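Contents: one structure, followed by commentary.
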Amino acid sequence: MKILVVDDQQLVLLSLEKRLKDLGYEVTCADNAVTAIKKFRQINPDLVIADINMPVDNLEKTSAELVFTEKAQGLDLLKYLRETKKVQTPILILSGNQDEEIIERGFELGANDYMKKPLSLKEIEIRVKRLIGPAIANTITTSAKGQMIQNTCVGIVIPCYNEEERLLSDEFKAFVHKNLGYHLCFVNDGSKDNTLDVLRKLQEGNESHISVYDCEKNGGKAEAVRLGMLHLAKQKQFDYIGFLDADLSTDFEDFQDLVNTIRINENYKVVSGSRMARMGANITKDGARKIISKGINLYIRKTLGMAFNDTQCGAKVMTKDVVLETFDKKFITRWLFDVEIFMRMKKLYGNEEAQKMLCEKPLNRWVHADGSKLSFKDSFKIIGQIGQIGLHYR
């Protein structure tokens, strides 16, 4: 049996394609409605699975067949198949859209079923079998239980310098196995140990959700993050892009909270983790590091002109336009690029508007990891770099 899957985000397409093929179905993919119509004619599928919220580009608008009159491109595709071509093929609609009018309109146009994101891959299996029955050639060997396709597609940059031991953790593979809307981009920053080999092994079998960006020479964390962020920003599938430290001092659960915060508030362009000690949170810092951090943070706040409690937390997520606008040029410091991001936003939007776009989200957990690349001696260099930032961006 043949299934046509239509979605503009590659992570979703690849996840559904792999699972449905494992179940024994023949799967064809399309990333827009116009291409979907062409593929439909070619394969005459037994089922169509389509996302509602696909953007319409200028090329698609010139299509002679498809007229874009509905609130969402998926509805235009549904309308074309049901009303213009009169096809009776079962259609399953997927969407993160909570607009009840759009949902109702989907059923009015002839959708057979509707699923809201986040999507359970196991539930999709059940609904597909209900609509067209099980495939004959089932090659599946693993369960989809617990695997989810999120409301949004998110890219996470993880800079790595001599991290071969930390990267042996199973947490990275376990996270992308369960969270199919996420992609981890590891940036090897000219490591001198076996970090690159470990990353290549980590990527094996997970190429859709794990990539490796290799920098032959060590350029520092700021440049590693910058290159990784720009690399992901070139891909249209990501709704948000962020970065996270390889030691996972901020864990994936907290990072997902950052993503949920920026997703539900359209005013925010950057959501930054904050290691604020408070009741109910597990925030563990080295004693000396804690004292030094307080002094540095006070100096940063005065230089930045914003009441930021913790600019240096290594967990942040942002919109793609902020990435393209603030990561386009090299940062002038190796360790304080976070401050430079906010300084660049001030210059672009003005201090008042920039502050409205920024959100500090307290973390539930942060544990200082041994083996930090930042030494006690470097803390004194940071003070000079803060002054350098103040002069450069004034």
Stretch Glu83-Gln98 to full length: gain in nm at 0.36 nm per residue minus the Cα-Cα span? 2.9 nm
Share of pairwise Cα separations in the stretch 78-212, more than 27 Å, in percent: 42 percent
In deg cm²/dmol, rounded to 500, what helix-only [θ] at 222 nm does the chain give when every DSSP H run of at least 4 residues adds -39500 (n - 2.57) and the total is split over its residues? -12500 deg cm²/dmol
Positive-end extreme of charge dipole, the chain - chosen from Phe172, Ile49, Phe68 (charges on Cβ): Phe172
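Can you tell me which of 34-45, 216-227, 330-341 comes out highest on packing, and rank the rest after it, using the mean Cβ neighbours within 10 Å?
Output ranking for 34-45, 216-227, 330-341: 330-341, 216-227, 34-45.
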So what's the Cα pair-distance distribution over the chain, bin width 20 Å, in %? 26, 51, 22, 2
So, in nm, how far is label Ser120 from label Arg394 when the simple model puts each one 7 Å beyond its Cα toward the Cβ? 5.9 nm
Could you put His392, His183 in order of accessible surface area, largest first, with the 1.4 Å probe and the full protein assembly present? His392, His183
Leaving ligands, DNA and RNA out of it, report the carbon-plus-sulfur percent of the accessible area of the stretch 27-172 at a 1.4 Å probe. 50 percent
Can you compute the charge dipole magnitude of the chain about its Cα centre, using +1 on each Lys and Arg Cβ and -1 on each Asp and Glu Cβ, nothing else charged? Give it in debye, rounded to the nearest 20. 760 debye
Given the peptides 234-243, 264-273, arrange them by the average over their residues of other C-beta atoms within 10 Å, most packed first. 234-243, 264-273
Accessible-area order for Met357, Met229, largest to smallest, probe 1.4 angstrom, reads Met357, Met229
Tilt of helix 252-264 relative to the longest C-alpha principal axis of the chain, in degrees (0 to 90, nearest 10)? 70 degrees
Largest-first principal axis extents, alpha carbons of the stretch 6-148, Å: 43, 33, 26
With Rh as the Kirkwood radius over Cα pairs, the stretch 141-197 has Rg/Rh of 1.06
Describe numerically, in nm with one decimal, the distance between label points set 7 Å from Cα along Cα→Cβ at Lys217 and at Thr142. 3.9 nm
What distance in nm lies between label points placed 7 Å from Cα along the C-beta direction at Thr69 and Thr35? 2.7 nm
Antiparallel content of DSSP bridges confined to the chain, in %, to 5: 15 percent
Area accessible to solvent at Lys347, 1.4 Å probe radius, in Å²: 130 Å²
Pairs of lysine residues in the stretch 1-117 - Cα separation under 13 Å, sequence separation of 8 or more or cross-chain: 4
Computed over the Cα atoms of the stretch 210-262, what is the ratio Rg over Rh, Rh following Kirkwood? 0.98
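The values are calculated or read from the model by the stated rules, or taken from the named source; none is laboratory data. Everything numeric here is computed off the predicted structure, so don't read it as measured data. Note that each Cβ is placed from the backbone with ideal geometry, even for glycine, and that neighbours are counted across all protein chains shown. Please note that ligands, DNA and RNA were not included when accessible areas were found on the heavy atoms of the full protein model with its side chains. Shrake-Rupley method; radii C 1.70, N 1.55, O 1.52, S 1.80 Å.
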